[in-house]
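Working notes, structure below.
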Amino acid sequence: MSDLSGDPAQPGKSGKSRKPGERTVFLLAHTGRPAAIRSAELVVQGLLRSGLGVRVLRHEAVDLPLPPEVELVAESECTPEVLDGCELLIVLGGDGTLLRGAEFARGSGVPMLGVNLGRVGFLAEAERDDLDKVVDRVVTRDYEVEERMTLDVIVRTNGDVVHRDWALNEAAVQKVSPERMLEVVLEIDGRPVSGFGCDGIVCATPTGSTAYAFSAGGPVVWPEVEALLMVPISAHALFAKPLVTSPDSVLAVEVQTGTPHGVLWCDGRRTVELPSGARVEVRRGTVPVRLARLHHASFTDRLVAKFALPVSGWRGAPH
């Protein structure tokens, strides 16, 4: 294990310092899973053998068997700046860990390469059995980078902005009290659409269409489609269908006065309370998340594989 004392030239960091121009990869892992610990060990060994530097968070290093060459970053510096000088962020874990990685990727602009150690893992590009291939492709820079749309989220009370946030998958307005519905009015591009009682409203990107919005009955939207989704959750109304709007639209959810307070969740990771009368505005994000891609498989094939959809009997178009 590396000495955890700080390097005066790089406060909060320890381990072997990299020379200018040398390649470095940042590794983020769900160290609470034994599979992630073993996978991280294999990835680190493969990258170091190929001459690449590896950087990890100090508090994760406690659970990982790391050689002294690995650069450690202090826990107090868990911000996008810890990726300065890194060419890639490799994330090992399930959907929650990948969304955590997306926070680093968005803030730093460094592409994220996800390895799925969970169940579905739509954000992941590889599975645990592909670790050797992942290392080879990273070493040879044999990957492409694509940008995924994000959401910028604003919360207003009495007209004043009280909170700003963002999301890769979705911004969800939800009720808090299980015994009472949340009364809301939906708005698109400054015009009211409908009001009703519900368990919540999901505003999602195409990337998030296979996440919470999908569970709420929303449509699956191909990632290359630029659009915003608004999906009611258990609405008590005749017209409460999922809506798909222009990517330039502004979606708004107003929590009606007199209704119990609600809560805003962004990607299921960041939350803020919504008092009665609060207004949540959602628009296309100004900063995308960059994903590293190893495969050219269509999203259709990915969808079939992730959900194990039955396609037996398909013969395809005649040649």
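The values are calculated or read from the model by the stated rules, or taken from the named source; none is laboratory data. Please read these numbers as outputs of a predicted model, since none were measured by experiment. So basically every Cβ, Gly included, is an ideal-geometry build from the backbone, and we count neighbours across all protein chains shown. To get the accessible areas, we keep the full protein, side chains included, count just its heavy atoms, and leave off ligands, DNA and RNA. Shrake-Rupley method; radii C 1.70, N 1.55, O 1.52, S 1.80 Å.
Based on DSSP H segments of at least four residues, each scored -39500 (n - 2.57), the chain has a per-residue ellipticity at 222 nm of -5000 deg cm²/dmol.
Peptides 84-97, 152-165, 226-239 ranked from most to least packed by the mean count of surrounding Cβ atoms within 10 Å: 84-97, 226-239, 152-165. F239 to S276: FRET efficiency via 1/(1 + (r/R0)^6), r the Cβ-Cβ distance, R0 30 Å, to the nearest 0.05? With R0 = 30 Å, the Cβ-Cβ based efficiency is 0.80. Angle check, please: helix 95-108 long axis (alpha carbons) against the longest principal axis of the chain (alpha carbons), in degrees 0 to 90, nearest 10. Taking Cα atoms only, the helix is inclined about 80 degrees. In summary, the convex hull built on the alpha carbon positions of the chain has an orientation-averaged projected area of 20.2 nm². What is the percent carbon and sulfur in the accessible area of the chain, measuring with a 1.4 Å probe over the protein chains and ignoring ligands? Carbon and sulfur together cover 51 percent of it. Each part gets one Cα centre, and for the stretch 257-318 versus the stretch 35-51 those centres are 30 Å apart. Shape of the stretch 54-97 from the C-alpha gyration tensor: rounded (a/c under 1.5, with a ≥ b ≥ c the square roots of its eigenvalues).
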